[in-house]
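Peer 1: This structure is in structure tokens; I'll ask about it shortly.
The values are calculated or read from the model by the stated rules, or taken from the named source; none is laboratory data. Everything quoted here is computed from the prediction, not taken from an experiment. We place every Cβ from the backbone using ideal geometry, glycine too, and count neighbours over all the protein chains shown.
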Amino acid sequence: MAITGSPALDRIVERLGSASDPKRRYEYVLWLAKRLAPFPEELRREEAKVRGCVSQVYVVGELQQGTLHWQGDSDAQITKGLLALLIEGMEGLTPSQAQAIDPAFIAATGLQASLTPSRANGFLNILRTMQAQAAALATAADLS
């Protein structure tokens with residue numbers, strides 16, 4: 001069932017949404033955090049920082065041959081897992097596909113029931129930052 005327009009993100013949302021136990025959702029998010037590739041120190045720049053997160057979160061998008069590729073990191077494991085969820089779900093999308101993702105998909109994960117309000121807000125801020133980067137990368141590509 002297409003929820004987001006991203007097959008990878010849809011799979012993750014479906015997996016999380018089908019878990020009846022909130023603990024299983026958390027375990028999956030933590031597992032995603034462990035799978036996130038190491039983040040290069042030189043990318044820990046102010047412009048890569050996600051605003052509005054209690055944790056330190058960095059995300060960097062790159063446009064290669066019309067598709068987005070992401071790297072990121074956070075100092076908090078749950079937040080890192082949420083970031084990893086978005087990186088995995090938005091990997092390989094075009095900028096317009098990334099910008100078209102409706103944050104309403106977050107409700108379908110079932111995560112908001114167990115996330116603190118500040119973490120749920122951070123999740124949304126990470127998504128919005130990635131969408132803004134996608135838009136900026138598309139504009140830069142159009143100008144070159």
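Peer 1: Of everything in the range 107-124, what is in a helix (DSSP H, G or I) and either of a type in the set (Ser, Thr, Tyr) or crowded, with 18+ Cβ neighbours inside 10 Å (or both)? Give them in sequence order.
Peer 2: Result: Thr109, Leu111, Ser118, Arg119, Gly122, Phe123.
Peer 1: Restricted to the range 66-89, and to residues that are touching a Gly at 6+ places or on another chain (Cβ under 6 Å) and touching a residue at least 60 places away in the same chain (Cβ under 8 Å), which residue is surrounded by the fewest Cβ atoms within 10 Å (Cβ to Cβ)?
Peer 2: It comes out as Leu68.
Each row is one residue, and each column tells you yes or no for (1) among the small types (Gly, Ala, Ser); (2) modelled with pLDDT of 95 or more; (3) under 19 Å from Phe39 (Cβ atoms).
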site	(1), (2), (3)
Ala98	yes, yes, no
Ala108	yes, no, no
Thr116	no, no, no
Asn121	no, no, no
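Peer 1: Restricting to the range 53-68, what's the tally of residues that are in a loop (DSSP other than H, G, I, E, B), within 18 Å of Ala100 (Cα to Cα) and within 14 Å of the chain's Cα centre (by Cα)?
Peer 2: 0
Peer 1: Out of all the residues in the range 126-144, which are crowded, with 16+ Cβ neighbours inside 10 Å and under 18 Å from Asp102 (Cα atoms)?
Peer 2: Result: Ile126, Leu127, Thr129, Met130, Gln131, Gln133, Ala134.
Peer 1: Quick one: count up the residues across the range 7-42 that are closer than 23 Å to Ala113 by Cα and either without any contact (Cβ under 8 Å) to a residue 40 or more places away in the chain or not aliphatic (A, V, I, L, M) (or both).
Peer 2: Residues in the range 7-42 being closer than 23 Å to Ala113 by Cα and either without any contact (Cβ under 8 Å) to a residue 40 or more places away in the chain or not aliphatic (A, V, I, L, M) (or both): 17 in total.
Peer 1: So which residues in the range 16-42 are within 17 Å of the chain's Cα centre (by Cα), surrounded by 14 or more Cβ atoms within 10 Å (Cβ to Cβ) and either over 19 Å from Ile78 (Cβ atoms) or not aromatic (Phe, Trp, Tyr) (or both)?
Peer 2: Leu16, Gly17, Arg25, Val29, Leu30, Leu32, Ala33, Leu36
Peer 1: Which of the residues spanning the range 43-65 are surrounded by fewer than 18 Cβ atoms within 10 Å (Cβ to Cβ) and free of Cβ contacts under 8 Å to residues at least 40 places away in the same chain?
Peer 2: Leu43, Arg44, Arg45, Glu46, Glu47, Lys49, Gln56, Gln64, Gln65
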